[in-house]
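Asker: After the structure tokens below, expect a handful of questions from me.
The values are calculated or read from the model by the stated rules, or taken from the named source; none is laboratory data. These figures come from a predicted structure and were not determined experimentally. When we count neighbours, we look across all protein chains shown, and the Cβ atoms used for this are built from the backbone with ideal geometry, even at glycine. Protein only, heavy atoms only, side chains kept; ligands, DNA and RNA dropped before computing areas. Shrake-Rupley method; radii C 1.70, N 1.55, O 1.52, S 1.80 Å.
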Amino acid sequence: MMFRGLSVCVLLALAVLTLTPSRSPAANKEIQELQRDIAGLQEQLKLMQQSQDRQLAEIRTLVQQSLGAATDANKSVAVIQSGFQQNLRDQESKVVTPVVGLSSRMAEVSSEMRSMQQGLTDLAGLISRMQTQLTDLSNAVKVMQAPPAPPPAAIPGGAGIGSAVGAPVAETPTISATDLYNNAMRDSQGGKLDLAVQEFSDYLRWYGNTELAPNAQYYIASIHARQQDYANAVKEYDLVLERYPDNNKTADALFGKGTALVKMGRRTDGAREFQELTKRYPGHPLATQACTQITNLGFRCEMPSAAAPRGVSKRKK
């Protein structure tokens with residue numbers, strides 16, 4: 001703006017000199033001085049214009065340098081960002097990949113453990129079945145070695161052994177002890193209760209001196225209890241307790257008899273059977289249940305601290 005103002009002044013001065021008419025020598029002298037001043041102003045204007053051009057060139061150069069520096073900075077930032085992202089990817093490949101592999105391995109180990117547990121469960125079931133078969137085989141050998149048992153005498157009121165008396169009795173068994181017992185168990189579990197009672201009765205008639213005879217007598221009683229025939233159930237439980245004292249089903253028979261008596265309304269008699277169970281077999285799993293039944297019936301239960309009596313074998317199927 002300043003340069004434009006000076007240019008305008010110079011032009012005006014030239015115009016004035018051009019348009020001014022001829023004057024005296026004094027006036028000419030003034031005009032010459034004015035011309036010198038104007039020439040000086042023109043020279044200054046020229047110098048100022050050159051200075052301005054140099055400054056503009058320097059500013060342009062600085063701007064270009066700044067733009068170049070900004071471009072270089074952007075490139076540096078881009079390189080740094082790319083390096084940072086690459087580092088992140090490298091760290092991810094070094095950390096995440098092993099973790100994923102470890103998770104997959106842990107899943108495989110868990111699957112192998114489950115398979116191993118299932119295998120152990122199957123093996124335990126197989127061993128249990130083998131033990132049952134060995135027991136049945138041992139019983140069959142005993143039956144084969146022992147002379148045939150004579151038919152049992154009639155027992156008044158008995159629905160198991162006693163009920164078989166009077167019917168035609170085969171002198172020799174028509175089926176092995178193992179098969180007969182297994183058939184009776186299968187029919188009992190399958191809901192064929194009457195057929196199971198008959199098969200257990202046949203087992204007692206033919207194999208009444210074997211190790212599983214108390215079990216057969218007990219299951220006859222329990223089937224009557226399931227049929228809500230509590231009177232006959234009590235009679236059959238008595239046969240377990242009388243004919244096979246201190247067998248592996250004695251505690252179960254005491255508990256079953258007490259329960260049947262309570263169902264019949266004979267609460268005191270039922271409590272007496274429960275008390276007998278806790279007295280004779282304080283370490284048996286049913287002793288705690290019997291004590292609870294005694295308390296529910298309104299009687300006092302005192303559990304002995306002694307261990308289970310000797311002579312009671314391990315519970316069998």
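Asker: Mind telling me which of the residues 51, 22 ends up being modelled with pLDDT under 90 and open to solvent by less than 80 Å² (accessible area, probe 1.4 Å)? If you could, list the steps in order and put the result at the bottom.
Answerer: Values: 22 fails: open to solvent by less than 80 Å² (accessible area, probe 1.4 Å).
Going through 51, 22 in turn, the sole match is 51.
Asker: Could you tell me which of the residues 244, 203, 207, 219 is open to solvent by less than 60 Å² (accessible area, probe 1.4 Å), among the aromatic types (Phe, Trp, Tyr) and touching a residue at least 60 places away in the same chain (Cβ under 8 Å)? Give the derivation first.
Answerer: Details: 244 fails: touching a residue at least 60 places away in the same chain (Cβ under 8 Å); 203 fails: touching a residue at least 60 places away in the same chain (Cβ under 8 Å); 219 fails: touching a residue at least 60 places away in the same chain (Cβ under 8 Å).
After applying the criteria, what remains is 207.
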